[in-house]
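Below: the structure, in structure tokens.
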Amino acid sequence: MTGLTRRRLLLGGASAACALPMAMAGHAFAATDKIDDAGHRILTASDVHVTDYPTVEAVRWIGQTLERETGGRLKLRLYHSGQLGREAEAIDMARYGVIDITRVFSGALNNAFPLTWALCLPYVFDSIEHMRHVIDGDVGDEVLRSFEGRDLVGLAIYDSGARCFYNTKHPIVGPKDLHGMKMRVAASDIFIKLVRLLGANPTPMSLGETFSAMETHMIDGAENNMRSFHSSRHFEAAKFWSETRHSYAPDVLLMSRDSFLSLTPSDRELLLRVARESVPVMRARWDESEGVARKAVLEHGIKTNDVDLGARSARRPSRCWTSTTRSRKSKPCTVASATSPEPGTMTETATTVPASPAQRALDRLAGIAIAIAATALVGLVVVQGWQVFARYVINDSPSWTEPVTLLLLSTALSFGAAAGVHTDRHFGFYLLAEHLPLAARRLLDLLRPLLVAGVGALIAGWGAVLLLDGLDIKIAGASMPQSINYLPLSIGGALICVFGLNKAWLQLQPARKEGA
């Protein structure tokens, strides 16, 4: 499997099968994990970087300062090294209040927060000092305020050094040296566009997948800062580092708006002050650790080189891209999937009521759902096949294949689950039913489709909310709304609800006849 890794495929399937209990568990985590036994408020924070990374140390410093200045009343629990998932997942968890604070790369925020584009465009900053001067002023303050539109509070902007290219093949002196190379980029349209304009083949993927992708020659290299190049141990796979310094895109420290508002006014002021004071702390540790990282990779035998600055300036993009966002209040999605009983298992939901026109219409609707699910599965195979061919035969990795594959996967699961409800191939507590008395079994036969219908209604409702929430945000690398995956979930949920209610109605028919 290529761009759509096995892990992402499983995550996609799990989201369609388990989002309801996960969302409930997430809210339970958010509600119960904030107060310890002594009555102290515990804030949770996440970061994908390792424990000694400067941003992790800065957030840890925030926690220590809060605990000291409040006498232990406020504490911070930090989950580093990607323990809570990727940055895209951390952003959503913060928006929904599952976690309180997260540190993310500004490139991951571009499509949802257009003002962050200004921080990521190539060659807009001349140096690290220039970038720091800009984000410490009105520009940084305006960017931080922009996060309020989507249930987040901007606490601070952490810089993250100069981003450069590194690869497994040869030094990059000018744009021509990038031609034909497959380069990992962050999931940001800016970086995808930049790498494509330079003549390389941009391949969006998470930082955690990059090392193995270079080792297996799925990609030829990547772009990042020296500190991440060292901490991720990418220098063990890529031997050439080129000082392109094409971007100084910073990191951003964000907080859940609900969590922020749940604090007292004085605690909010304290947290904002401490977060801003953590910026020089982070920078001091960054400058020190970047030097240590550079020394370590050079001792490992990494070959570094400068670039043709004239060619670099000639390739500077002359335009930027704009988008608009609308603020909407959103809630976590709830999704359910159906599983099949063992082959040959008899179910007791069959009915002898003659098929009515409405029943025949539902049968046709279920047939259409099965056809859509089957078509989506075929499409999934075709899209993945094209991705393999494009990447390894014509050396032109398409950026749209992964989001399209996830959409097809969501469609197959959602419509397949709905059809499974109509054909009685879904979860049904069959073993439990076999050990119940007849009266209890009939009650279970009625409650079972009602439960399914309720789950379907939740899927349809929350799926629609999340679909509308992200319609104005485009997926990086594909001309589709970011929330398009929720469309089949919402439709599938509505079908599950309809089919479930129909099954419950049919269960009442024999009982009515017996009472007549």
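The values are calculated or read from the model by the stated rules, or taken from the named source; none is laboratory data. Predicted, not measured: the structure shown is a model, and the values here were computed from it. Positions of Cβ are backbone-derived with ideal geometry, glycine not excepted, and every protein chain shown enters the neighbour counts. All accessible areas refer to the heavy atoms of the entire protein, side chains included, with ligands and DNA or RNA removed. Shrake-Rupley method; radii C 1.70, N 1.55, O 1.52, S 1.80 Å.
When the residues of region 225-243 are narrowed to those that are assigned to a strand (DSSP E or B) and open to solvent by 10 Å² or more (accessible area, probe 1.4 Å), which ends up farthest from Glu299 (Cα to Cα)?
The selected residue is Glu243.
Which numbered condition in (1) modelled with pLDDT under 90; (2) in a helix (DSSP H, G or I) is the only one that Ser490 fails?
Here Ser490 meets the rest and fails (1).
Restricting attention to region 163-221, and to residues there that are assigned to a helix (DSSP H, G or I) and touching a Lys or Arg at 6+ places or on another chain (Cβ under 6 Å), which single residue is least open to solvent (accessible area, probe 1.4 Å)? Let's see the steps before the verdict.
Let us first name the residues in region 163-221 that are assigned to a helix (DSSP H, G or I), namely 175-178, 189-197, 207-215.
This time we only want the ones that are touching a Lys or Arg at 6+ places or on another chain (Cβ under 6 Å), so: 175, 210.
Working: Pro175: 21, Thr210: 1 Å².
It comes out as Thr210.
I'm told Leu272 meets every condition in (1) in a helix (DSSP H, G or I); (2) out of contact with any strand residue (DSSP E or B) (no Cβ under 8 Å at 6 or more places or on another chain); (3) in contact (Cβ under 8 Å) with a residue 12 or more places away in the chain except one. Can you identify the failing condition by its number?
With (1) in a helix (DSSP H, G or I); (2) out of contact with any strand residue (DSSP E or B) (no Cβ under 8 Å at 6 or more places or on another chain); (3) in contact (Cβ under 8 Å) with a residue 12 or more places away in the chain applied to Leu272, the lone miss is (2).
Would you check which residues across region 452-481 are open to solvent by 30 Å² or more (accessible area, probe 1.4 Å) and without any contact (Cβ under 8 Å) to a residue 24 or more places away in the chain and list them?
Correct list: Leu471, Pro481.
Which of the residues spanning region 51-104 are without any contact (Cβ under 8 Å) to a residue 60 or more places away in the chain, touching a Ser or Thr at 6+ places or on another chain (Cβ under 7 Å) and part of a strand (DSSP E or B)?
Arg77, Tyr79
What number of residues within region 390-423 satisfy the criterion of being open to solvent by 30 Å² or more (accessible area, probe 1.4 Å), in contact (Cβ under 8 Å) with a residue 12 or more places away in the chain and aromatic (Phe, Trp, Tyr)?
Counting residues in region 390-423 that are open to solvent by 30 Å² or more (accessible area, probe 1.4 Å), in contact (Cβ under 8 Å) with a residue 12 or more places away in the chain and aromatic (Phe, Trp, Tyr) gives 1.
Can Ile484 be described as touching a helix residue (DSSP H, G or I) at 6+ places or on another chain (Cβ under 8 Å), modelled with pLDDT of 85 or more and open to solvent by 70 Å² or more (accessible area, probe 1.4 Å)?
Answer is no for this residue.
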